[in-house]
Amino acid sequence: MGDVCHLPPPGETLVLARSAAPSARGPLIHASPPPPASALVRLFSSCLACAPWISDAIAATGGGKLPAGRNGNKLTWRDPIDDVEHVEEGGAARVEAEMAERGKGGIISKPLSQNGGGGGGGGGSGGGSPSDAVAVGGMSRGWSNDDVTALPMDMQPRSGGGGNVASKGANGVVAGMQLKSPSDQAQWRAGSLRHLFSLVTPGMLEDSELPPGRRAIVDHSMRVLRENDLGGYTIPTQGLYPFQWNWDSAIVAAGWAVFDEPRAWQEIEMLMSGQWADGMVPSILFHRPTDSYFPGPEIWGSKERPSPSTGITQPPVATLSVRFLFEHAVDKDLAKEKMELLFPKLLAWHRWWYKARDPLGTGVVAILHPWESGMDNSPAWDEAMQFPIMDLPPYQRRDLTHVDAAMRPDKATYDRYLTLLYTFKNTNFYDSARLYHISPFRVTDLCINSILLRANRDLRWLALKLGREDVAAEIEGWLDAGFRGFETLWDERDGIFKCKDQLTGKLLDARTSAGFLPLFAGAASKKQAARLAATLQRWQEQVPYGVPSTDPSDPRFEALRYWRGPVWLIINWMVSNGLKHYGMSELAEKVRNSSLHLTSQAGLHEYFDPLTGAGAGGGNFSWTAAMCLAWLDRPAASAIGHRMSGPKRPSEVALNAMDSSS
């Protein structure tokens, strides 16, 4: 049995669960004590049939009438999980026979539509007439209208003509409703049950697993992912970021996996659909045209690629997510199929990193634009960005129409971003070797390299699962070289890792949260890990909320300006995960608790003020929601904290802990 969620009305417990059995048709229902069938009919009467598993559910919990779409002996229903219409010859008789055998009554026998179905929320493909909408009577034996609630506003019928819902209650159960408009019926039919289960069973988590007050955060997190879902890919937030961002999307997939595995795999597949022939996966895929973001596809000029996109990349988080989805899958067959399809694409991306961005074989790769790191305006880039600004064409930033300018990179920084972009565009985005040598910005970034090293571990694990020992050996070479490369990035004086300017060979003098990420990669020695913990504790003493993206004692620290001070949950997750694997559980839990407090207090923002805890940047932010679902509020699959495998630093026996479950 998969994860479950308890939904208790007064005096009773209704448990919704998804079975892991291959033969299971979908969610099953268990109750203690069993509620009357009328309650379940009322609960599901707005959903179109979904007859096979609802019939099983009602049969198991007390019987009664089942709303179903029926035309003669055909049973028609639309699966709300995959939005596919099913027509089962003899299905009505089958369901009636099954329920009669159990002594549990039957389904509604009146044909609800002559066009292939009806009932509850309308018919099959043909819908039903207004009179076909089923109105179910009141509930009995302790299930009163006070125990049910109307649908949230975003799930109510959007046309003017009607839909009756029961009165609101405090327990989250969805009441029956009438949908009189065929368009309303079709709209409800297409997505209602997906919404129903994600709202009524947030994350399919036990209530007991959620700290007080977190249930609402889980509900909201799932709603944010749905609202930002544009059909196969998830935008970070409305308006400010209207496209598919690379590492955002990979993190979001882990959030989807908590309650919708097929949708999680689809997120990764959509991202990898934009992969270039040389293996590079762009930082942004411009799936749909919009003028709310600058610079858009017309500036990048990469329309001839698989998808209009940027010409740069981002951290390879997708590899981590694929392993997470595979390891924690309920549908093992689907997971195996998707992993086998995605593995060659991930391998090509990793090979691209070492061919295009580490041609000298140092073990650490370079970024050629701050946007590739994800930490766009980090103080770590200040020194390396002191190249001449070219004569740029006039441009209008769109980000400042959505967010306060005090929270965004300043104009001088943006001019340098665009100077790099036009330099690459004028040279030829698609000649990676040439770009590496002509770029005026070439930096060994800690974020990219830490995630890449961790991703190499996971890619090796996937290779061994597929029996690809030859590939695993190739990846071991990357890991060994990576460990050696990280040794050149340690600053003993400041007790933290630092980025390096490859053009000058010097460490960049900035103490940022990226300096803790080698813990996540397993690249720090025991001594270095202890120094990092002490450094982090000093930072935490200066601000109420961690982890700030810049050392609070640095004069360049700005609490609200993007990556120059704010707290980001994606970084907190990696830092906490790394600390935990080095045996520093108390400090790891402190970082996690800070994250819990921020999201409970301020909601699902892009980032947070480390001084006040206030949310900043974009609101209803997808990867923050995903971090809540996959890390903060899902202890059983904490932090995408799956087992890590692969070669260890030969001198560090302590890293054996990296291979145990988190």
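Filter segment 414-457 down to residues that are of a type in the set (S, T, N, Q) and either within 31 Å of the chain's Cα centre (by Cα) or outside any helix (DSSP H, G or I) (or both), then give me how many there are. Reasoning before the result, please.
Of all residues in segment 414-457, those of a type in the set (S, T, N, Q) come to 419, 423, 426-428, 432, 439, 444, 449-450, 456.
Add one more test, that the residue is either within 31 Å of the chain's Cα centre (by Cα) or outside any helix (DSSP H, G or I) (or both), and what stays is 428, 432, 439, 444, 449-450, 456.
Here the count works out to 7.
When only residues in segment 470-491 that are surrounded by 14 or more Cβ atoms within 10 Å (Cβ to Cβ) and of a type in the set (Gly, Ala, Ser) count, which is farthest from Gly505 (Cα to Cα)?
Ala472
Taking Pro635 as the residue in question, decide whether it is assigned by TED's automatic domain parsing to the domain that holds Ala250, at pLDDT 95 or above, of a type outside the set (Asp, Glu) and over 13 Å from the mean Cα position of the chain (by Cα). Don't jump to the end; show me each part of the working.
Values: assigned by TED's automatic domain parsing to the domain that holds Ala250: yes; at pLDDT 95 or above: no; of a type outside the set (Asp, Glu): yes; over 13 Å from the mean Cα position of the chain (by Cα): yes.
In short, no.
Kindly evaluate Arg323 against the criterion of being touching a His at 6+ places or on another chain (Cβ under 8 Å), farther than 24 Å from Lys411 by Cβ and in a helix (DSSP H, G or I). Walk me through it before giving the result.
Values: touching a His at 6+ places or on another chain (Cβ under 8 Å): yes; farther than 24 Å from Lys411 by Cβ: yes; in a helix (DSSP H, G or I): yes.
Answer is yes for this residue.
Among the residues of segment 485-525, how many are closer than 23 Å to Ser553 by Cβ and not in a loop (DSSP other than H, G, I, E, B)?
Qualifying residue count for the region: 16.
Determine, yes or no, whether Glu606 is touching a Phe, Trp or Tyr at 6+ places or on another chain (Cβ under 7 Å), at pLDDT 95 or above, closer than 19 Å to Gly374 by Cα and not hydroxyl-bearing (Ser, Thr, Tyr). Explain how you work it out, then say what you get.
On the way: touching a Phe, Trp or Tyr at 6+ places or on another chain (Cβ under 7 Å): yes; at pLDDT 95 or above: yes; closer than 19 Å to Gly374 by Cα: yes; not hydroxyl-bearing (Ser, Thr, Tyr): yes.
Spelling it out, Glu606 is indeed touching a Phe, Trp or Tyr at 6+ places or on another chain (Cβ under 7 Å), at pLDDT 95 or above, closer than 19 Å to Gly374 by Cα and not hydroxyl-bearing (Ser, Thr, Tyr).
For segment 507-539, how many residues are of a type in the set (A, V, I, L, M) and either under 25 Å from the mean Cα position of the chain (by Cα) or over 14 Å from Lys580 (Cβ atoms) (or both)?
At the first step, the residues of segment 507-539 found to be of a type in the set (A, V, I, L, M) are 507-508, 510, 514, 517, 519, 521, 523-524, 529-530, 532-534, 536.
Right, trim to either under 25 Å from the mean Cα position of the chain (by Cα) or over 14 Å from Lys580 (Cβ atoms) (or both) and you get 507-508, 510, 514, 517, 519, 521, 523, 530, 534.
Number satisfying all stated conditions: 10.
Test Phe324 against the stated conditions and say whether it is crowded, with 19+ Cβ neighbours inside 10 Å, in the same structural domain as Ile570 (by TED's automatic domain parsing) and of a type in the set (Phe, Trp, Tyr).
Details: crowded, with 19+ Cβ neighbours inside 10 Å: yes; in the same structural domain as Ile570 (by TED's automatic domain parsing): yes; of a type in the set (Phe, Trp, Tyr): yes.
When the stated conditions are applied, Phe324 passes them.
Is it the case that Arg592 is in a helix (DSSP H, G or I), charged (D, E, K, R) and either farther than 16 Å from Leu225 by Cα or in contact with a Pro (Cβ under 9 Å, 6 or more places away or on another chain) (or both)?
In short, yes.
The values are calculated or read from the model by the stated rules, or taken from the named source; none is laboratory data. None of these values were measured; they are calculated from a predicted model. Because the Cβ atoms are built from the backbone with ideal geometry, glycine has one as well, and the counts that use them run over all protein chains shown.
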